[in-house]
Amino acid sequence: MNLEKLRNEIKSFYIGKFFLLLLSFLYRFAFFIKKSFYSAGIINPKSFKKPIICVGNISTGGTGKTTFVISLSKELAKSDIKTAVTMRGYKSGYAKNDVADSKIVGNFFEDQKMADEQKLISLSLKDLGIPVVASKNRKKAIEYAIDRYNPDVLIMDDGFQNFSIKKDLNIVILNINMLYDKILPVGNLRESYLGLKRANFVILNHCELFDSDYIEKAYSYVKKYVDENKIIKASYVISGFLNNVTGEKISLEYFRRNFKDVALFSGIGDNSQFKKMIEKSGFKVLKVWQFPDHYKYSYEELKSINNLRDGLPLLTTYKDSVKFMSKSEEIFSTDIYSADVDIRLSENSIIDSIKKILK
């Protein structure tokens, strides 16, 4: 079911819009009560013996949070900071108190219960040996990662609205193409922009897709809620591609020399931005298939895409490819690639702040 389409249909009726506004008010009230219990010290968050760096958002998806987690993990590795990534494992098939550790699973692509985002992060960080641990019980995932791997620091993927865990640094990712939104269920915000005051850093993501005037307007809007020195502009760049069949990594320059026209498919939070990134990288997109976020492809759908691409090289995201990576050769035979994305920040103060925490 397309929830966005359903919500728009409900909002088209006066009574429906009133109903959504009422639910939004109740959601705000419940969130306020929960936050107040922790703010007033009625409930105390759990502290851990290792620093917790939370990479979260205030929207329900499409901000680029997972890609930032990967990028931050790589940067910490460059600084010889031993890191572990913990997450809840959205849509995981594991029970609440189970722990999924991609380093001991073996071929995690074959694990039907492991969440796609855990597979994505694990694939991206595999060469660095960074463990990725997931559990619906976040505290258990953190305790497990500390006990088993003894990292210098833990990156918690998502959880900005989870007040039960004490964080040493909060990083919030904003997609500048999704600003000016409303709170659930009228819009996609988990909380109002006032929540940004709790953040140590706010990342304005996907600046590569917009001109300087739009970026400055977005920057000015966010400055109403958070200090200017906490805001960092971020741009995505495609550095190359992963051949899903052979596992070979291909540079962007080599790919450009060999391919001009491409086809692509994706099922992420903002499919249109993935298409724009491919086009900005110098490719002409002739065929496109777009699906809802976290879409579960059937074998038949993937075969259909392969049959309809007319011989074009087929591009997708890492997030999509982990769902069928082990069957790539069987389904596509050849020329199926995942875009390898890097993030460039306007400054590097986040790493400096983490180093200060570790001193």
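Every number here is computed from the coordinates shown, using simple stated rules; none is lab data. Since this is a predicted model, take the numbers as computed values, not measurements. Cβ atoms come from the backbone with ideal geometry, glycine included; neighbour counts cover every protein chain shown.
Projecting the Cα atoms of F274, P313, S333 onto the dipole axis of region 246-359, where Lys and Arg carry +1 and Asp and Glu carry -1 at the beta carbon, places F274 farthest toward the positive end.
About its Cα centre, the chain has a charge dipole of approximately 1320 debye under the convention of +1 per Lys or Arg Cβ and -1 per Asp or Glu Cβ, with nothing else charged.
Residues in region 97-130 near a label at S164, defined as backbone nitrogen under 16 Å from the 7 Å Cα→Cβ point? The answer is 97-99. Only DSSP H runs of four or more residues enter the estimate; each adds -39500 (n - 2.57), and after division by the residues of the chain the mean residue ellipticity at 222 nm equals -11000 deg cm²/dmol. Spin-label model, D352 to L128: label points 7 Å out along the Cα-to-beta-carbon direction sit 2.1 nm apart.
If one computes P(r) from the Cα atoms of region 78-169, what percent of pairs lie at distances over 21 Å?
Values: 1029 of 4186 pairs.
So the pairs more than 21 Å apart make up 25 percent of the total in region 78-169.
Here H206, H294 are placed in order of increasing Cβ neighbour count within 10 Å, fewest first, which gives H294, H206. Straight-distance candidates among the aspartates and glutamates for linking to K275, with alpha-carbon spacing under 19 Å and chain neighbours fewer than 8 residues away dropped: E208, D211, E253, D261, D293, D310, D320, D335, D340, D342.
For the pair region 26-104 / region 128-189, the C-alpha centres are spaced 2 Å from each other.
Across the alpha-carbon set of the chain, the Rg to Rh ratio works out to 0.96, Rh being the Kirkwood radius.
Round to the nearest 0.05 the FRET efficiency obtained for Y221 and D147 when R0 = 41 Å and r is the Cβ-Cβ distance.
Taking R0 as 41 Å, the efficiency between Y221 and D147 is 0.45.
Would you mind classifying region 1-69 by shape? Square roots of the alpha carbon gyration tensor eigenvalues, ordered a ≥ b ≥ c; an a/c under 1.5 is rounded, otherwise it is prolate if a/b is larger than b/c and oblate if not. Note, shape of region 1-69 comes out oblate.
Approximating the spin labels as points 7 Å out from Cα along Cα→Cβ, the E248-to-N229 distance works out to 5.0 nm.
If you take the Cα centroid of region 251-282 and the Cα centroid of region 295-359, the two points sit 11 Å apart.
Give me the extension gain from S36 to K103: residue separation times 0.36 nm, minus the current Cα-Cα distance, reported in nm with one decimal.
20.3 nm
Assuming 0.36 nm per residue, please report the length gained on full extension of the stretch F18 to E301 beyond their Cα-Cα distance. Taking F18 through E301 to full extension adds about 98.0 nm, to one decimal. A P(r) calculated from all alpha carbon pairs of region 208-287, with 10 Å bins opening at zero, reads 14, 37, 28, 16, 5 percent.
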